[in-house]
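What follows is a single structure, written as structure tokens, with notes after it.
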């Protein structure tokens, strides 16, 4: 029996190449799905950790009546604070705005959703209306990266919520 006549080696080679190409495409599809799943996990982690950081700073105010009253006074009349109180408020706002800066940068790179960022942006708009923020921004804005500074400086406050102290009556 002449096996060369029965087996067409060219046809067998073509079939092997086709099977190999299908395997490569399937591998690429699987790899793409894994990358998307990993990207979603990274995004969720970034959003969660940023929320923890901001919430930690805000809860430090809420947990202390002294700090809450100091925040209210600073928000309305920063110049009335003692030097140590001013330093305390500037450090607190620096921590909060560093977290906002990280969130903004991550939103710009697609690692934080626009929906999540919009909620934080709304909150920032309440803060930027305070005397505390105005003094903080004059003193510390240069320490933030340019795109974030520009974004904050260009806020349209027409849809901003009430200042944090406005709800106190």
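The values are calculated or read from the model by the stated rules, or taken from the named source; none is laboratory data. Computed from a predicted model, the values in this text were never measured in an experiment. Glycine gets a Cβ as well: all are built from the backbone with ideal geometry, and neighbour counts include every protein chain shown.
Look at residue 46 and say whether it is over 20 Å from residue 161 (Cα atoms) and either surrounded by 11 or more Cβ atoms within 10 Å (Cβ to Cβ) or touching a residue at least 40 places away in the same chain (Cβ under 8 Å) (or both). For residue 46, the condition - over 20 Å from residue 161 (Cα atoms) and either surrounded by 11 or more Cβ atoms within 10 Å (Cβ to Cβ) or touching a residue at least 40 places away in the same chain (Cβ under 8 Å) (or both) - is met. Residues considered: 114, 108. Of these, the only one that is within 16 Å of the chain's Cα centre (by Cα) and modelled with pLDDT of 90 or more is 108. In this entry, residue 94 is excluded by the filter for residues that are buried (at least 19 other Cβ atoms within 10 Å of the Cβ), within 16 Å of residue 78 (Cα to Cα) and over 13 Å from the mean Cα position of the chain (by Cα).
The rows are residues; the columns are (1) closer than 30 Å to residue 35 by Cβ; (2) in contact with a strand residue (DSSP E or B) (Cβ under 9 Å, 6 or more places away or on another chain); (3) at pLDDT below 95; (4) surrounded by 13 or more Cβ atoms within 10 Å (Cβ to Cβ).
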| position | (1), (2), (3), (4) |
| --- | --- |
| 62 | no, no, yes, no |
| 83 | no, no, no, no |
| 103 | yes, no, yes, yes |
| 126 | no, no, yes, yes |
| 148 | yes, no, no, yes |
| 154 | no, no, yes, no |
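Close contacts from the stretch 69-89, counting a first residue that is in contact (Cβ under 8 Å) with a residue 24 or more places away in the chain and a second that is crowded, with 16+ Cβ neighbours inside 10 Å and outside any helix (DSSP H, G or I), with Cβ to Cβ under 6 Å and a gap of 6+ residues or different chains, come to 74/81; 75/130. Among the conditions (1) under 30 Å from residue 37 (Cα atoms); (2) in contact (Cβ under 8 Å) with a residue 60 or more places away in the chain, the only one that residue 115 does not satisfy is (2). One residue stands out in the stretch 49-66 among those that are in contact (Cβ under 8 Å) with a residue 12 or more places away in the chain and touching a helix residue (DSSP H, G or I) at 6+ places or on another chain (Cβ under 7 Å): the one that is nearest to residue 123 (Cα to Cα), namely 54. Checking each residue in the stretch 68-81 for being crowded, with 17+ Cβ neighbours inside 10 Å and within 26 Å of the chain's Cα centre (by Cα) picks out 71, 75.
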